[in-house]
Amino acid sequence: MKKHGRVVIVANRTPAAKSAGGLASGLLDALRRERSLWFGWNGELREDDGNCVQLFSCDRLTVAAIPLSPEAHNRYYNGFANGVLWPAFHHRLDLMRFSDDDYTGYLEVNRHMAAQLRPLLQDDDLIWVHDYHLLPFAGMCRRQGIRQRMGFFLHIPFPVPSVAQAIPRIDELLDEMCAYDLLGFQTEDDRKAFVNLCRERRPQIRVPNTGGYPIGVDPLALQAEAEAEPVVQLWPRDRSIRGIISVDRLDYTKGLPERFKAYALLLEQHPELHGTMQLVQIAPPSRTDVPAYVDLHHELTGLAGEILGKYGDLEWQPLVYVERQLDRPVLMPLYRQARVGLVTPLRDGMNLVAKEFVAAQDPADPGVLVLSRFAGAACQLDGALLVNPHDPGEMAQAMLQALSMPHAERVARYRRMWAVLCASDIEGWRVRYLKDLEALAATEETLAPATAGA
Ligand code: ADQ
C-alpha cells in the first residue's frame, strides 16, 4: 500500500498556540509528530478577508489560518451552521431558523475555504475534514479541481430521516457530502441514519464509504492529570459532603434545565440528603450571538436561584453554578474528587466529558457516572447508570443510587469503562480513520490511476 504524504486537517477553527479541548488536544499531539497541515478560520473577523493565509509551524505541523469577514462569518457560522444544522441535527427543529441568505453565506464560506486551501495542497496529501460547518466542502473542492483523497468526520449526531427531511436544502447538502471518499460518524446509529436518508432522498446518487468511528480520549494522560495535587479542594476529603459534578458548554443540547429540575426533585423527595451532597455545575456560555443560547442562560440562572433560595442556608449550598471556563488540569482533579459525574445531554454526538470523568477516577475508590442514554458515549460506557434526561424521576433515582452505591459495584463498573477507554482511545480513533481513508485511496488507485494534484 502506498504511504500517504501529509495529513491535512480542515476544521472550522485552527488550534490556538495553547489549545485545550477534545479534538484539538487529542489530534494535535499526533500531528506535531508527522508532517501535517491544519487549515481553518483563525478566529479573526476582518473586513478585508480576501486572500490572506497566515502560516505558522509547531514542530512538524503547519497551521494555515484565514480570517473571515464579520458578515460572512455571521451567515455561515451563526446563521446556517448553528442556526439550522446544529439544532436540527440534535432534533430541535423548533429552534431552527432558516434563511436563504444564511444558506448562501454558508456555501460561500465553504467555497472560499476550498479556494484558499487549493494552492497549499500537495499531490499525495490525505485530507480529513471535520464537522457540520463543512458538509459541502468536498463538493466545493472537487469543482475547483482538488482530487486528493478526502474524508469527513461528523462530531455531532446525524438526524433520523423523518427529522432530517425538515432541513431546508437537505438534498443539495447530501449531494455535496457524497463528494467525500469516506464519511465517518460517531456511532453506528448515526451512520445508518445518513445512509437511510440518502436511500430515501437521493437513490440516484452513489453513497461513498461510511463508518462508525467513536472518538476517544487519552486515558493515561487524563489519569495522570487527575492525580496531580488539586488546584481547588471542592469537598471535604472525608466525604462528609458528597460531590456531584457536571461540566458542559452552556448549550440547549446538554440538558441543563432538565438536570436542575431532576436535582430539585431529589432535594424535595429526600430531605435526609440535605447538607450531605452538593451539585457543582460548570457551564461557560458559548455562541452568545445565537438567541436560543441567551434564553437558555436566563432559564438556567432562574432555576439555580430557585434551588438555592429554597434549599440553601448559611452552612450549606446545594448547588454551585460556575460560568467560567476551567482548564483541564483544574478540571481533572475535580472529577476525581466527585462521587458522581452527571452527564445528561438530550442528544450528543459522543460527549467527551463522560469519558474524561471516568478516566479521572481513582481506581481504588471510583465515582459513578450517570449518563444520558442519548449521548453517543452510552453505546460504549456500559458501566454507567443510563438515564432518560427527559424523566426527572428516573434521573433523581439514578443520582440516589449513585450516591449510595457500594464500593465493590463502583469498582466493577469503573473497571469495565476503563477497559473501554483504553481499547478505544483517541490515538486509535485517528489511526483507524486514516488507515481506512488511505486503504480506500490505494484501492482506487489500482482501479484507476488518480489524477492527483491541484
Ligand atoms: P462538544 O459539544 O463541545 O463537542 P464534549 O464532547 O462534551 O462536547 O466536549 C468537548 C471538549 O470540551 C471536552 O474535552 C471537554 O472536556 C471540553 N469541555 C466541555 N465543557 C467544558 C467546560 N465547561 N470547561 C472546560 N472544558 C469543557 C462536540 C460534540 C460532542 C463530541 C465532541 C468531540 O458535540 O458530542 O463528543 O465534539 O467529537
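Key figures for this structure:
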item: Any chance residue 399 is among the aliphatic types (A, V, I, L, M), surrounded by 15 or more Cβ atoms within 10 Å (Cβ to Cβ), within 30 Å of residue 91 (Cα to Cα) and at pLDDT 95 or above; result: yes
item: Yes/no for residue 178 being away from the ligand (no atom under 16 Å from the Cβ), at pLDDT 95 or above and in contact with a strand residue (DSSP E or B) (Cβ under 9 Å, 6 or more places away or on another chain); result: no
item: Number of the condition not met by residue 256 [criteria: (1) within 29 Å of residue 416 (Cα to Cα); (2) touching a Ser or Thr at 6+ places or on another chain (Cβ under 9 Å); (3) touching a residue at least 60 places away in the same chain (Cβ under 8 Å)]; result: (3)
item: Enumeration of residues in the stretch 383-413 that are within 16 Å of the ligand (Cβ to nearest atom) and touching an Asp or Glu at 6+ places or on another chain (Cβ under 7 Å); result: 389
item: Residues being closer than 21 Å to residue 410 by Cβ, more than 10 Å from the ligand (Cβ to nearest atom) and in a helix (DSSP H, G or I) - total across the stretch 331-382; result: 8
item: Any chance residue 202 is surrounded by fewer than 21 Cβ atoms within 10 Å (Cβ to Cβ) and within 13 Å of the ligand (Cβ to nearest atom); result: no
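The values are calculated or read from the model by the stated rules, or taken from the named source; none is laboratory data. Remember, predicted model here, so these are calculated numbers, not experimental data. Here Cβ is always computed from backbone atoms with ideal geometry, including for glycine, and neighbour counts include all displayed protein chains.
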